Structure formats: structure tokens, C-alpha cells
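**Q** My structure is below; once you've seen it, I'll send some questions.
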Amino acid sequence: MQIIQCSYERHAAAILAIFNDAILHSTALYDYQARTMDNMVSWFKNKELGHYPVIGIENESGELMGFASYGSFRAYPANKYTLEHSVYVAAPFRGQGIAQTLMQHLIELAQAQNYHTLIGSIDASNQGSIALHEKLGFVHAGTIRHAGFKFGDWLDLAFYQLLLPTPLYPKELELQQGDK
């Protein structure tokens, strides 16, 4: 197994397949409809524009076993040190420690980019993901009851957060003259 930086050209189809499996067969994503390659174009472009990594793990034959990334938590200036992350593992490779390896690497990348808070938005019934996050030091930060409706059920959305020791010198954005 090898951790790699994913690219649109090489990994978009595999990431799309993993996303669509999660959409169609789980509550890991609150989407109803499978995504398309057009969605992947904009997804990769947004990651590139935000300088957000997309990492994966490939097996010996170059097959993508899982991937992880992060992006903006909320689009307000004061949230600039906070990220929302995601990690997905292809069905045949679950239970092999891939998600943990990806998350550990993602945490290191967030620290290297001087972020402070990682947020995991997890369907409250996903005990595997919750256990993984707790093992990595994430703490429960709240649950929004009935945040979604899928497969005929109301879904509760649990938030887990990890505080990082970075940045050493956080700053607010300076106001431009005339701003209030």
C-alpha cells in the first residue's frame, strides 16, 4: 500500500465509484442521486483552488483503495482555520486500517498548512466512523437531530472535532479602509 496525491486524470473515476457507492448504499453522504464525471471536474477544481489535498491509498496493482480530503468548513473569514474533512474507503478494502492511515496523514497535512480545527460531519448511526474519529482524538461537539432524510428515515448528524496546535500566530484579516 502506498499513500499518493490523487489527480483528476488518474483517480476521478475511482473516486466517483467510491462516492456513488456511499450515496446509493449508505448514509455516509446525504445525496440521493449518483454523481457524474462533471461533478468530479468541479470537485477537483475546488480542491485545487483552495489548496486542499486529495490523498489516497493504492494497492500494489495501482487500485485506489480509499481517499481523503478536506475543505472549507464555512465560508466566513473567521472560519479560515477550520476545515471539514472526509474519508472514504472502497467496499472491498474496509476494515484494513486504510481510513485510519488516511486520516493520520490528513491531520499532518492540516497542521503543515497551519489549520487549527478539523471537523468530521458523521451520520450518527455510523459507529465505525465515530470509533475511528474518537481513536484519533476527535471529540463529540454536538448532534443535529433529523438533519437529513434518506432511505425512509430521519438522520442525525454528529459533529466530531480535533483541535490542532497550529497556527502558532493566528491573525484576523485586516479590514480595508472603509470597511466596518
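**Q** Evaluate the following for Gly62: is it over 19 Å from Cys6 (Cβ atoms), of a type in the set (Gly, Ala, Ser), surrounded by fewer than 18 Cβ atoms within 10 Å (Cβ to Cβ) and out of contact with any Asp or Glu (no Cβ under 6 Å at 6 or more places or on another chain)? Working first, answer last.
**A** Details: over 19 Å from Cys6 (Cβ atoms): no; of a type in the set (Gly, Ala, Ser): yes; surrounded by fewer than 18 Cβ atoms within 10 Å (Cβ to Cβ): yes; out of contact with any Asp or Glu (no Cβ under 6 Å at 6 or more places or on another chain): yes.
Judged against the criteria, Gly62 is not a match.
**Q** Which residues, taken from region 27-52, are within 28 Å of Tyr115 (Cα to Cα) and aliphatic (A, V, I, L, M)?
**A** Matches in region 27-52: Ala28, Leu29, Met40, Val41, Leu49.
**Q** Which one of Ser69, Ser86 is within 18 Å of Ile4 (Cβ to Cβ), touching a Lys or Arg at 6+ places or on another chain (Cβ under 8 Å) and outside any loop (DSSP other than H, G, I, E, B)? Lay out the reasoning, then the answer.
**A** Values: Ser86 fails: touching a Lys or Arg at 6+ places or on another chain (Cβ under 8 Å).
Criteria check complete, one pass: Ser69.
**Q** Taking only region 27-42 into account, find how many residues are out of contact with any helix residue (DSSP H, G or I) (no Cβ under 6 Å at 6 or more places or on another chain) and in contact (Cβ under 8 Å) with a residue 24 or more places away in the chain. Steps first, answer last, please.
**A** Let us first name the residues in region 27-42 that are out of contact with any helix residue (DSSP H, G or I) (no Cβ under 6 Å at 6 or more places or on another chain), namely 27, 30, 32-33, 36-39, 41-42.
When the remaining residues are screened for being in contact (Cβ under 8 Å) with a residue 24 or more places away in the chain, the result is 27, 30, 32, 37, 41.
Residues in region 27-42 being out of contact with any helix residue (DSSP H, G or I) (no Cβ under 6 Å at 6 or more places or on another chain) and in contact (Cβ under 8 Å) with a residue 24 or more places away in the chain: 5 in total.
**Q** Could you list, in sequence order, all residues of region 134-146 that are surrounded by 13 or more Cβ atoms within 10 Å (Cβ to Cβ) and more than 18 Å from the chain's Cα centre (by Cα)?
**A** Ile144
**Q** Still on this structure: Quick one: Glu48 ticks every box in (1) part of a loop (DSSP other than H, G, I, E, B); (2) charged (D, E, K, R); (3) out of contact with any Lys or Arg (no Cβ under 9 Å at 6 or more places or on another chain) except a single one, so which number is it?
**A** The one condition Glu48 does not meet is (1).
**Q** Just to check your reading of the model, which residue among Gly142, Gly137, Gly120 is among the small types (Gly, Ala, Ser) and out of contact with any Phe, Trp or Tyr (no Cβ under 6 Å at 6 or more places or on another chain)? Talk me through it step by step, then tell me what you get.
**A** On the way: Gly142 fails: out of contact with any Phe, Trp or Tyr (no Cβ under 6 Å at 6 or more places or on another chain); Gly120 fails: out of contact with any Phe, Trp or Tyr (no Cβ under 6 Å at 6 or more places or on another chain).
Result: Gly137 is the single residue among Gly142, Gly137, Gly120 that is among the small types (Gly, Ala, Ser) and out of contact with any Phe, Trp or Tyr (no Cβ under 6 Å at 6 or more places or on another chain).
**Q** Would you mind telling me which numbered condition in (1) modelled with pLDDT of 95 or more; (2) among the aliphatic types (A, V, I, L, M); (3) in contact with a strand residue (DSSP E or B) (Cβ under 7 Å, 6 or more places away or on another chain); (4) over 18 Å from Ser121 (Cα atoms) Met1 fails?
**A** Unmet for Met1, out of (1) modelled with pLDDT of 95 or more; (2) among the aliphatic types (A, V, I, L, M); (3) in contact with a strand residue (DSSP E or B) (Cβ under 7 Å, 6 or more places away or on another chain); (4) over 18 Å from Ser121 (Cα atoms): (1).
**Q** Return a yes/no flag: does region 30-39 have any residue that is surrounded by 15 or more Cβ atoms within 10 Å (Cβ to Cβ) and among the hydrophobic types (A, V, I, L, M, F, W, C).
**A** No, region 30-39 contains no residue that is surrounded by 15 or more Cβ atoms within 10 Å (Cβ to Cβ) and among the hydrophobic types (A, V, I, L, M, F, W, C).
**Q** Out of (1) closer than 17 Å to Ala99 by Cβ; (2) assigned to a helix (DSSP H, G or I); (3) free of Cβ contacts under 8 Å to residues at least 24 places away in the same chain, what's the single condition that is false for Phe19?
**A** (3)
Here's the yes/no breakdown for (1) among the charged types (D, E, K, R); (2) surrounded by 13 or more Cβ atoms within 10 Å (Cβ to Cβ):
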| residue | (1), (2) |
| --- | --- |
| Tyr88 | no, yes |
| Ala99 | no, yes |
| Ala112 | no, no |
| Ala124 | no, yes |
| Gln127 | no, no |
| Asp153 | yes, no |
| Leu163 | no, no |
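**Q** Another one. Output the number of residues of region 1-18 satisfying the condition of being crowded, with 17+ Cβ neighbours inside 10 Å and closer than 16 Å to Tyr52 by Cβ.
**A** 5
The values are calculated or read from the model by the stated rules, or taken from the named source; none is laboratory data. Quick caveat: nothing in here was measured; it's all calculated off a predicted structure. Note: ideal-geometry Cβ built from the backbone for every residue, glycine included; neighbour counts use all protein chains shown.
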